[in-house]
Structures are given as structure tokens and as C-alpha cells.
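What follows is a short report on a single structure.
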Amino acid sequence: MMGTTMSRRQALGTAGAAAAGLVGGVAFPAHALRLEQAPAPLAERYRAACTAEAAFHARLRRDLAAALAAQGVPADPAALDRLVSGMACPRCGCPLG
């Protein structure tokens, strides 16, 4: 048996609060994050920035591939290329693939 006991009033209060929290969470979904299509001028600015970074991306791909190959992860060149392609640029966040 546990060392502390809970009165009926405390148990009902706790159960009621939990039920109210569940109903509130289901009835009112959060709208804190919403995905929207970027306006055309903004999307074009991002594409232009990524194009300007093309030389940096190529160098970063080569450096990552060399560092991973030096550690032997993975040994297959095609698998290594797939692995590096799944990574993102630390500057702009664009995929390196």
C-alpha cells in the first residue's frame, strides 16, 4: 500500500481536471504553426541565394564526402553520395542533393 492516501474529493477533482484538459485539447486544436506558400518575390530571393551558394554547396559536398570516406562510412561511393545528398547546407538550409 502507498504511504499517502487521497481523499474522494481530491480524486474527483484530479479526474475532473484531467477530463477537462483532454476535452479542451481535442475541441480546440492549436494554431501556433501554419505552413503557407511563400510569395513569388520571396521564393525567387531564396532561389537566387541558393544559386549564389552553388560553389559553396559543391565544395561542402566534396568536403563532407571526403570526411565520411576517410572514416569509412559508408564505403560504397553511391551510398556515400546518397548520404551527403540528404544533408542540408548550414548557411541557407537547402538540401545538398
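Fraction of C-alpha pairs exceeding 13 angstrom in the range 54-97: 48 percent, rounded to a whole number. Spin-label model, Ala17/Ala52: points 7 Å from Cα along the beta carbon direction are separated by 5.4 nm. Here r is the Cβ-Cβ distance between Gln10 and Glu36 and R0 is 41 Å; the resulting FRET efficiency, rounded to 0.05, is 0.35. Relative to the Cα centre, the charge distribution of the range 30-97, modelled as +1 at Lys and Arg Cβ and -1 at Asp and Glu Cβ, gives a dipole magnitude of about 120 debye. Placing unit charges on the Cβ atoms of the charged side chains and taking the dipole of the range 54-97 about its Cα centre, the candidate lying farthest along the positive direction among Pro90, Leu64, Ala79 is Pro90.
Bear in mind that the values in this text are calculations on the coordinates, not laboratory data. None of the values given here were measured: they were computed from a predicted structure. All Cβ positions, even for glycine, are placed from backbone atoms using ideal geometry, and neighbour counts span all protein chains on display.
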